[in-house]
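Notes to accompany the following structure.
Read the figures in this text as sums done on the coordinates, not as results from a lab. Keep in mind that what you see is a predicted model, and the values were worked out from it rather than measured. So basically every Cβ, Gly included, is an ideal-geometry build from the backbone, and we count neighbours across all protein chains shown.
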């Protein structure tokens, strides 16, 4: 069974349909990139996949024992966060809240995992630093580490490189790609990635599947198929 | 110096002074805890707006000659808190303008009602003491003290038990929601608690000055500390120390309680800003 199946889903807000007839599946280990123009409904789709919105029609089913609170999420930065007095460690740990239920404190296991995730993303030395003093790329790593604490199966990334400079952007993409592939020697399982992006080039470099959201959404099992399609040609040649 | 201490000791003999200090400390403590979240979530204007609504409710209670004001003021303020939170989140209505409207509106209506229907012979005195707290802090009853203690315990337990969730909701509501934390419930509980604290604090500093108790400790702590836990702890300590200092000064000098506490808060804030700047220079 697929990790996530979208069947005839229509999305919209306030009674207005934005996207219709969305059909796609995500298998375990996939790297799906969701492309589309501004206002095409990418963010609405993201929110629906996270369970924050219900689709207007159609069904989104999670499979393979995946639950809604087991999806890690990397949201776009908000204004509130820019001058927020929080240490890196505090933020990363907050990723565990999805399965802590009513327990008011973090346990040892969670603290260890948070440490591992910080080391993995190269921010362990910054753990006591204040979030607002970090560079844009470092901040994204912190939020990514938090998302990793929330999941072992699937990550949803909303424009993960928005506002980053080209060098840091590439580092970020490499990091995401390594998370997707996993690392058997360090006992890291591959994690399925769903990424919303403007960046066609990155999608072609890293993704295994592409979903193009527009008036008539199209789903491609491989990037070669996307490159061959009419919409893909239009989009990659701009 | 020993004179001052002797005088203070003498004052402490009076039960009403002890009550005032207990209530002052508790209210300062609770308001500063919630203040951190309110300031960080850009909700500090809600505290200000609510205090004006509480003023209007107080005026209505006076006009209707309620024996127990709380029964009317508390529900009205809680409802206003929930309404303000909702409009604050609604992108279509301009949230801050709506709150400003409610806030000024209730101030005007409250004063108008009091003037037209009042049975009291000293309207301006009543208004002044509701707005600026005046001496009512020294006329607290044992009942008021008990309410304050119970309320503070509730706030403290809520805060400690849900500390990490409050952090998550404050830092990143979308992430919190996406990972299954019911952010709406937390926001709502915060709004209700802040409404209750504001109503209680009206006795202490009066409705115009309440926001100072909410805002100053959090902002001061944020000048120096760089992680959430230290900011929360520091702001609680800051608030309690300023409240005690302010109360003592006002006892000794006979100044109005509310404005003295706020004045001490301002001095504290400037001190912390200075320290923060120096520390920042050293770090850079």
> Helix A:108-120 versus the longest principal axis of chain A: what angle, 0 to 90°, nearest 10, using Cα atoms?
Replying inline: 70
>> Students often check this: by mean Cβ neighbours within 10 Å, which of A:226-235, A:138-147, B:97-106 ranks highest, and how do the rest follow?
In response: A:138-147, B:97-106, A:226-235
>> Going by Cα centres, the range A:25-104 and the range A:218-238 are how many Å apart?
In response: 26
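With Kirkwood's inverse mean 1/r over C-alpha pairs for Rh, give me the Rg to Rh ratio of the range A:20-153, two decimals please.
Values: Rg = 16.6 Å, Rh = 16.7 Å.
Using Cα coordinates only, the ratio equals 0.99.
Per-residue Cβ counts within 10 Å, from other chains only, averaged over A:59-72: what number is that? Walk me through the numbers before you get to the answer.
Values: counts 0, 0, 0, 0, 0, 0, 0, 0, 1, 3, 4, 2, 3, 3.
Mean partner-chain Cβ count within 10 Å for A:59-72: 1.
Shape of the range B:2-276 from its Cα gyration tensor (a ≥ b ≥ c, root eigenvalues): rounded if a/c is under 1.5, otherwise prolate when a/b > b/c, or oblate?
On the way: a/c = 1.79, a/b = 1.14, b/c = 1.58.
Cα axes put the range B:2-276 in the oblate bin.
Can you compute the FRET efficiency between residue A:53 and residue B:117 using 1/(1 + (r/R0)^6), with r the Cβ-Cβ distance and R0 = 60 Å? Round to the nearest 0.05. Can you show the working numbers first?
Values: r = 49 Å, r/R0 = 0.82.
Working from the Cβ atoms, E equals 0.75.
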>> Over chain A, with a Gaussian network built from C-alpha contacts below 10 Å, which listed residue (A:199, A:83, A:158) shows the highest mean-square fluctuation?
In response: A:83
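Normalise the Cα radius of gyration of chain A by 2.2 N^0.38 Å (N = residues in it) and let me know the number.
1.01
Just want the ordering: A:35, B:271, from fewest to most Cβ atoms lying within 10 Å of their own Cβ. Can you show the working numbers first?
Details: A:35 27, B:271 14.
Fewest-to-most Cβ neighbours within 10 Å comes out as B:271, A:35.
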> Is there a simple number for the mean count of other chain Cβ atoms within 10 Å of the Cβ of residues in A:94-101, and what is it?
Replying inline: 5
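What length, rounded to one decimal in nm, is gained on full extension from residue B:185 through to residue B:128, with 0.36 nm per residue of separation minus their alpha-carbon distance? Mind showing how you got there, number by number?
Details: separation 57, 0.36 × 57 = 20.52 nm, distance 3.63 nm.
Gain on stretching residue B:185 to residue B:128: 16.9 nm.
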> Points 7 angstrom from Cα along the Cβ direction at residue A:16 and residue A:64: gap in nanometres?
Replying inline: 3.7
>> What distance in nm separates the two pseudo spin-label positions at residue B:12 and residue B:143, each 7 Å out from Cα along the beta-carbon direction?
In response: 3.0
>> Need the full-extension length gain, residue A:23 to residue A:216, defined as separation in residues times 0.36 nm minus the C-alpha distance. One decimal, nm.
In response: 68.4 nm
>> Just want the ordering: B:9, A:118, B:151, from fewest to most Cβ atoms lying within 10 Å of their own Cβ.
In response: B:9, B:151, A:118
> Measuring from a point 7 Å past the Cα of residue A:181 along Cα-to-C-beta, which residues in the range A:195-238 have an amide N at less than 20 Å?
Replying inline: A:195, A:201-210, A:222-224
> Which angle between 0 and 90 degrees, to the nearest 10, do you get for helix A:136-150 versus the longest principal axis of chain A when only C-alpha atoms count?
Replying inline: 90
>> What does DSSP give for the protein assembly as shown in terms of the percent of beta bridges that are antiparallel, rounded to the nearest 5?
In response: 50
>> I'd like the mean, over residues of B:220-232, of how many other protein chain beta carbons sit within 10 Å of each residue's own Cβ.
In response: 4
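Let a ≥ b ≥ c be the square roots of the eigenvalues of the Cα gyration tensor of the protein assembly as shown; is it rounded (a/c under 1.5), or, if not, prolate (a/b larger than b/c) or oblate?
Prolate shape, in that a/c is at least 1.5 and a/b is the bigger ratio.
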